[in-house]
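This report refers to the structure that appears directly beneath it.
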Amino acid sequence: MGDIVDASLFRAPLTFMGVEYGHDLAGRGAAILGIPYDAGTHPSRVGAREGPRAIREASRLIRRFRPPDADFDPVERLRLIDCGDVRLVPSLMEDAEDAIEKAVGLIAGTGAVPVTMGGDGSVTLAQLRALARLHPNLVVLHVDSHTDANAGQGRAASTGTTFTRAAGEGLVDVAASLHLGMRGTFRAAGTFDYARSLGYGLITYDDLRIRGVDDVTAEVKARLAGRPVYLCWDMDFFDPSCAPGVCAPIPGGPGAEEGLRLLRGFAGLRLVACDVNTVSPPHDVQGMTALLAAQVMHDCLVLICQGRG
């Protein structure tokens, strides 16, 4: 068969911001990866497995340049590529975790920064396992309304114990790692104390409101300067008024402006992975959470560039 002459008749696969799709990672600074997985552990709000497609769809509205502080093209600078989604079956939890770990490890092993979109919060542990092999002194910056560092709940897989297990497996330097933005109600007393007992630092949303974004980001950057940082951004950090389509919405959080200002304040950190999770399209309103997640991912690409100088 000969080549098709008029390629304009055919639409390329849906990718993040319309970037190239493929798996040739030579010379790439970053790669997009979808993780269409939810562990099914939430009693009523399952649907985050549909997050990657919704974020890709929404990303068509995101433009490359963000003046005045990021008036450059991070897609071009990073030679960004979209590797598609991890092939997995959400109900096969152990197999899914193995597939996620292998896929992220392959990307990170080439020197490209994996920028992933979940999926619920349980996608993080497998990614940490992959990154910890490459970065023995890995630290986590976890932005979320929950700690995800709870005591065991009687099952192996749980979005609420991700960072408990990460500490237990020795995947991260807990003494340097931070959880930021926690608020709302919890299943048990002592949730914050338990996370601190594991060694993690905590900055609650009340702390952020009282101290202000500039003061908090200055502390974060001083604490994590020069370290390989795994940025985990749970979309339920935002208030449900701007991010209703998440797995576990918590009222009383930051709006889009405050949340994005916090994220952009991390400029200069050395990000080795970015993990944006918990977008649940069945619970979204007109795609507003997916669009905000797409903006968060664009900002992560900018941060990767800024961290490289």
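Quick note: the coordinates plus some simple rules give every number you see, no bench work behind them. What you are looking at is a predicted structure, and each value in this text was computed from that prediction instead of being measured. Note that we place each Cβ from the backbone using ideal geometry, even for glycine, and neighbour counts take in every protein chain shown.
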About the Cα centre of region 21-308, how large is the charge dipole given +1 on each Lys and Arg Cβ and -1 on each Asp and Glu Cβ? Please answer in debye to the nearest 20.
460 debye
If you line up the long axis of helix 93-109 against the longest principal axis of the chain, both from Cα atoms, how many degrees apart are they, to the nearest 10?
70 degrees
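Going through region 82-184, which GluC sites (Glu not before Pro) have at most 15 other Cβ atoms within 10 Å and a DSSP loop state? Don't skip to the answer; put the middle values down first.
Working: sites: E94, E97, E101, E169; in loops: E169.
Here the GluC sites (Glu not before Pro) that fit, given the DSSP loop and packing criteria, are E169.
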Give the long-range amide H neighbours of D82: residues separated by 5 or more places, or on another chain, with amide H under 5 Å away, using H modelled in the peptide plane at 1.01 Å from N.
E20, Y21, G22, I32
I'd like the FRET efficiency for T110 and R261, computed as 1/(1 + (r/R0)^6) with the beta carbon distance as r and R0 of 30 Å, rounded to 0.05.
0.40
For helix 123-134, report the angle its Cα long axis makes with the longest principal axis of the Cα atoms of the chain; keep it between 0 and 90° and round to the nearest 10°.
80 degrees
Rounded to 5, percent antiparallel among DSSP beta bridges of the chain
5 percent
Rg (Å, one decimal) plus Dmax (Å, integer) for the alpha carbons of region 21-308?
17.0, 50
Mind checking the angle between helix 288-308 and the chain's longest principal axis? C-alpha axes, 0 to 90 degrees, to the nearest 10.
90 degrees
Only helical DSSP H runs with n ≥ 4 go in: add -39500 (n - 2.57) per run for the chain, normalise by residue count and round the 222 nm mean residue ellipticity to 500 deg cm²/dmol.
-10000 deg cm²/dmol
Mind listing the lone cysteines of the chain, meaning no other Cys beta-carbon sits under 4.7 Å from theirs?
C83, C232, C242, C247, C305
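If R0 is 45 Å, what FRET efficiency do you get for D24 and D193 from their C-beta distance, rounded to 0.05?
On the way: r = 48 Å, r/R0 = 1.07.
Plugging the Cβ-Cβ distance into 1/(1 + (r/R0)^6) gives 0.40.
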Under a plain spin-label model, where a point goes 7 Å from the Cα along Cα-to-Cβ, how far apart in nm are E94 and D207?
3.8 nm
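Taking every DSSP beta bridge with both residues inside region 1-156, roughly what % is antiparallel (nearest 5)?
Values: 1 of 12 bridges.
Of all bridge pairs located within region 1-156, approximately 10 percent are antiparallel.
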Multiplying the sequence separation of A225 and K102 by 0.36 nm and subtracting their Cα-Cα distance, what value in nm do you get?
41.5 nm
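Charges only on Cβ, +1 for Lys and Arg, -1 for Asp and Glu: so what's the dipole of region 136-208 about the Cα centre, in debye to the nearest 20? Let's see the in-between values first.
Working: 5 positive and 7 negative charges, 49 e Å.
The dipole of region 136-208 has a size of about 240 debye.
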Which residue, chosen from P282, P74, S197, occupies the Cα position most advanced towards the positive end of the dipole of region 21-308, where the dipole is computed from +1 (Lys, Arg) and -1 (Asp, Glu) charges on Cβ about the Cα centre?
P74
